[in-house]
Every structure is written in structure tokens, then in C-alpha cells.
Amino acid sequence: MRIGRTEKIIHHIVLICLGLIFILPLLWMLVASIDSSAIQALKIPEKYTLKNYMGILSDPSIIRSFLIGIFLSGGQSIIVVIVSILAAYPLSRYKPSYKKSFLYTILFLTSLPMTAVIVPVFQMFLLFNFVDKLWAVMLFTAGTSLPYAIWMMKNFMDSVPIELEESAWIDGASVWGGIRRVIAPLMLPGTFTVLIFTYTGSWGNFFVPYILIQSPEKMPASVTIFQFFGNYGLVNYGELAAFSVLYSAPVVILYYLSQRYMSKGFSLGGATKG
Amino acid sequence: MEVTPNASSKKKMSDNTKSSIFLSPALILLLIFFLTPMLLTIVFSFTNLALTGSQAQNIKFVGFDNFIQMFNDAQLYNSIGKTLLFVLFSAILGQCLLGFLIAFLMKGKNAAFRRAIGITVIAAWVTPEIVVGFSWVAFLGDNGTLNSIITALSGIEPIAFLFEYPMVSVVLANIWRGTAFSMMAFQAALDDIPLEVEEAAVMDGASRWRIVRNITIPIVKGTITTNLMLVTLQTLGVFTLIYAMTGGGPGNATMTLPVYMYQQAFVSYQLGYGTAISLVILIIGALFSLLYMRFLKVKV
């Protein structure tokens, strides 16, 4: 649309101001993490240092919490990807009589605020002696991220033409052979999207491990960073910032990698299809 | 001829049987870790379940006691009010409106410029929630970036935002964190509007405001509804951000339902009552969710 020159300038100014507001809180984190005398406000460091990062990386309990985080989020993502591919296959290829009601239920579950079930889940974990068991936490978080993953995966699978699979069947392939040799390779972008989406969601999940894990030595990074904030956050800004950068880095990198796949499965249009 | 996969047994399985085999792992996981807790939510909300003390051993059904307690619980009403305020201002008025504004202003601008602005907004969205909490505690702190800017510009004394305006603080932080989602949704929708449509209206001498109101908004109406619903549901369950920034305080100024639920269940150890609060959150969420599916007439 043709718009006036003044209007165009105003648009740019408004956007630049908004961009600045959006970047300031994060910029503080980045700068403070390499400042030898970081304070609460954003300032140009007098002396640049990697000491803050060294401080975080030399703490074995923090390193351990990162490894636990990778284990929990990685395990959860792998379970979710495998189970959601299996579930998406019949929903995309067969016509079971319960297909419609199943999909509506899945869609309904995707939008429930999962924060709300943590209290009964905790009780269930107490009952079965699951508290502090990492595998149980992993399965629970996998269960909660499954509805959305199945929904995305089904939409991706719908876009793989069935004819390709049929030609594999003519060549003598079984259902499994068809999935392995035809569907899986074509679904790679979709699978990565679901994997990355689940992983980032899980990596950032603070509430679930905070409640369901009680031994300090089993806490993932999302919880240790919170404890670090509580203990030293208002004293040692530099290390808090460095910890935050290190903790955020994996999801930022994954987001960057996934960007070209993400738009397909993630757009609102893709989720609702008209 | 119908093409079928090569099965070792020639026996034909029905679609239902085959589907059930594929779906079974998902069903088992969903059943144990999703539906059971939801059913337990309903059951436990009728019990006197507590985490410690004598009540911990013998769980008793207390009928509607928790709900009667809820009706007389001033803090619960306060929390429902806070939650609605938080959702209204941070999700509906904040994220959706600001997301639309950014997407709208970006339309037709230089690609590199759009990208630069887009990255700053998306960076906030990609950052883990707990880190957003810390960044904003520092940003709004007495000696934080915002106060140093305000002092430099106007010379007034630093403002203790988190103590004097706690609700405004968490609302701002949540807008900051979530706007990217709405922005991306609206960008996709606005980019789909053909330029000719708006150009034709300009030719006819329509004012800017009329074009936005009568052409742009009706075209992206579907995206607006979807986005509103999704953002509302996401915001309803926000716990981490508020917990990290204010812990529900000062006083109970930012005690939204999720924070109140946490406090009752894990600080006061009243699991039964905490579960009853969960049920309130779930019901509000379920209502929104049904409304959402209804509005969009989703095809499956």
C-alpha cells in the first residue's frame, strides 16, 4: 500500500523504539555476563572478562544439572517423536471409526493449562513412589507434550502422498517397510520440528521438575538456575547473567536451526486447516 | 485394484484394529500421565488430602467442604480477579494488540529492517521463561536499566517497580515475552492480503483508518480469533514468570490462580484444597478450549 513519507518515517521510528525496548533486558544479560564488575543496570564494561563463565562452568553441580537437563529433555523428545509418529500414522492413513472423536480429544487436550494438574500428579507420584525418579518425570512430561506433537505430526504426514507408499507396497514392502523407507525420510523436516519443539519446551520447563524432583543432585538446569538466582542473584550479577546465557543458548541455537522447518507445522493455519 | 501393504498373514485386519495397534503407546502414555491426573484432580478436590501431619495418613472424603471453603475464601476471589486482569492486560490487550501493531507497521517495509526488528521480538520469546523472569527483575530493579534511563532523562528518584506496581511489572514482562507469537501469526496473515485490495481502496479515496477497519481487520479476523484463544490459554497457566519475579507478592498483589494453587498445595501443604483450585483453572481452560474449537469450526 502506498503511504505518505511522514507516515513511513513515523512507522520506522515506532518500530525502532519497540525494538530497543525488546532488546534492552536481554542486552543487559549479554553484556553483564562478560563484565568483570557487572551491576543491575546496563553499562559498558570497564573490563571484559570470561571469569563469570568460568565460575559457572567450573561448578560440578551446575554441569551435572545441565547433563540431567539434556537427559530429561532429550529422552522426552525421543519418546514423543516415536510415539507421535506411530499415532499419527493411522490417523493419517486409516479410517478408524473413532478417528474424529480421538482427534477432537487430542485438540482439546492441547489447550488445557497443564500447570493445573501438577498437584494431583505430585500425589500420584507419591502414591507410586515416583517422586525423584527421573524416568517417571520424563514419561509424565512426554505425556503432556504428546497431544500437540500428535497433532503436528498428523498434519505433516497428511502432506506425504499415499501413492508413494503404495508403490513401495507394490514392490513388496510391509506396513513397517513403507513407514521406514518412504514415510520416515519424507517426514524428516516434520520430525525435526516436533523434536525441537518438544526439546525447547522441556528445557525451559521449570515448574514440573521443581515439584516432582526433590534431591538437589537430580535437579535439571532449569531448577538450579532458579536456586542460583535465589542464593546469589542479587549479589553476583555477572555469574547470574553468564548462567542465563549458557542456559538459554541451546534453545536459541535450536530455534535458529529449526526456523526453516518451523513455519510449516507451527503456523496457526497449519494447526486448524481453514 | 486396491493396493495394500504386503502382510505376512493374509488375514485382513480392520482399520480399527490396525489403528489401535499404532495408537496404543500414545494411549497408554496419555491414560497414565494425562487423563489419570485429570480424574484425580476431580477426586482429590473432594478430600482433605494434606501433605504432612495426621491428615497425611488417612485421606477422608469431605464432600463439598473444599468448595464451600472456596466460596468463603476471599483470597480465591482475589486470585480469580488477578488472573483475569493478568490475562486481559498481558494477553488480550498486550500481546495481541502489540503483535498486530508490529506486524501491521512492518508490512511493506525493507526486508532487512523487518528482520532486525523481528529478531529482537522473537529473541524475547525464545528465551526460557525463568531467564525472562531474572532479566526483568534486573531491568525493573531500583538500580536497574529502566530506572537509570528514567533518572537520566527526568532526574526523578528511582521507582521500586516490583513493590509499587507489581501487577504492572509482571504484565509488562509477560507482554514482552509473548508478543512474538502474535506478531508471527499476524505477519503471516497480513502478508497474505493482496496489495491490490488495499490499493483499490486508496484509489477510491478511503481513509487509512477506514481501510484498516473495513478491509484489513475483516480479512484477518480468523487469525485474530485463533490467536486470542491460544494466547489466552497460554497466559492462564503462567506460573514460572510470576513466581520468579514476585512470588505472588508483595502481599498477595500478583497471586494469580496458578501461584495460589502452588502456595496452598506446596507451601501450606493443603493438597486437597490446592487440587480444588486446580480444578477451577482446568474448568476455565476447558471452557476457553471448547469455545476455541467451536469458534474455529476445526476440521479433523
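Below, the figures for the structure above:
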item: Least to most buried among A:104, B:292 (fewest other Cβ within 10 Å first); result: A:104, B:292
item: Given charges at Cβ of Lys, Arg, Asp, Glu: chain A dipole, positive-most of A:223, A:131, A:85; result: A:85
item: Between the stretch A:96-121 and the stretch B:135-177, the Cα center-to-center distance that results, in Å; result: 39 Å
item: Residue-averaged [θ]222 nm for the protein assembly as shown, counting only DSSP H segments that reach four residues, each worth -39500 (n - 2.57); result: -21500 deg cm²/dmol
item: Whole-number D in µm² s⁻¹ for the stretch B:205-253, Kirkwood Cα-pair radius fed into Stokes-Einstein, 37 °C, 0.692 mPa s; result: 237 µm²/s
item: Cα-centre dipole for the stretch A:53-272 with unit charges at Cβ (Lys and Arg positive, Asp and Glu negative), debye to 20; result: 420 debye
item: The stretch B:28-132: C-alpha gyration tensor shape, a/c 1.5 cut-off, then a/b vs b/c; result: prolate
item: Options A:68, A:119, A:36, ranked by Cα towards positive dipole end of the stretch A:35-124, top entry (Cβ charges); result: A:119
item: Charged-residue dipole, Cβ positions (Lys, Arg, Asp, Glu), the stretch B:183-300 about Cα centre, Debye nearest 20; result: 420 debye
item: Rg to Rh, two decimals, where chain B supplies the alpha carbon set and Rh follows Kirkwood; result: 1.08
item: Estimated FRET transfer efficiency (residue B:65, residue A:128; beta-carbon r; R0 25 Å; 0.05); result: 0.40
item: Proportion of all alpha-carbon pairs of the protein assembly as shown beyond 37 Å (%); result: 38 percent
item: Average Cα contact separation per residue, chain B, under 8 Å, 6 or more apart, as relative contact order %; result: 28 percent
item: Rg in Å to one decimal, and Dmax rounded to a whole Å, for the stretch A:53-272 via C-alpha atoms; result: 20.0, 69
item: Number of partner chain Cβ atoms within 10 Å, mean per residue of A:50-62; result: 0
item: Of the DSSP H helices in chain B, those whose Cα atoms cover at least 30 Å axially and whose Kyte score averages -1.0 or more; result: B:166-191, B:271-296
item: Computed lengthening from residue A:82 to residue A:234, 0.36 nm per intervening residue step minus Cα-Cα distance; result: 50.4 nm
item: Between helix A:221-232 and chain A: long-axis angle, C-alpha atoms, 0 to 90°, nearest 10; result: 20 degrees
item: Cα-based reach from residue B:82 at 17 Å (exclusive), listing aspartates and glutamates while leaving out same-chain residues under 8 positions away; result: B:73, B:164
item: Net charge dipole size for the protein assembly as shown [Lys, Arg +1 and Asp, Glu -1 on Cβ; Debye, nearest 20]; result: 1280 debye
item: Rh (Kirkwood; distinct C-alpha pairs) - the stretch A:168-214, Å; result: 13.3 Å
item: Alpha carbon centroid spacing (whole Å) that separates the stretch A:22-62 from the stretch B:198-231; result: 44 Å
item: Exposure proxy order (Cβ contacts within 10 Å, fewest to most) of B:105, B:85, B:195; result: B:195, B:85, B:105
item: Rounded tilt (10° steps) of A:60-93 against the dominant C-alpha axis of chain A; result: 20 degrees
item: Packing rank of B:239-245, B:30-36, where each peptide gets the mean count of other beta carbons within 10 Å, highest leading; result: B:239-245, B:30-36
item: Radius ratio Rg over Rh of the stretch A:75-134, counting only Cα atoms, Kirkwood formula for Rh; result: 1.09
item: Pairwise FRET efficiency - residue B:214 versus residue A:14, Cβ, R0 = 25 Å, nearest 0.05; result: 0.60
item: Dipole of the stretch A:53-272 [Lys/Arg +1, Asp/Glu -1 at C-beta], most positive-end residue of A:211, A:193, A:244; result: A:193
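FYI, it's all coordinate maths here, none of it is from the lab. Predicted, not measured: the structure shown is a model, and the values here were computed from it. Cβ coordinates were reconstructed from backbone atoms using ideal geometry, including for glycine residues, and neighbour counts include every protein chain displayed.
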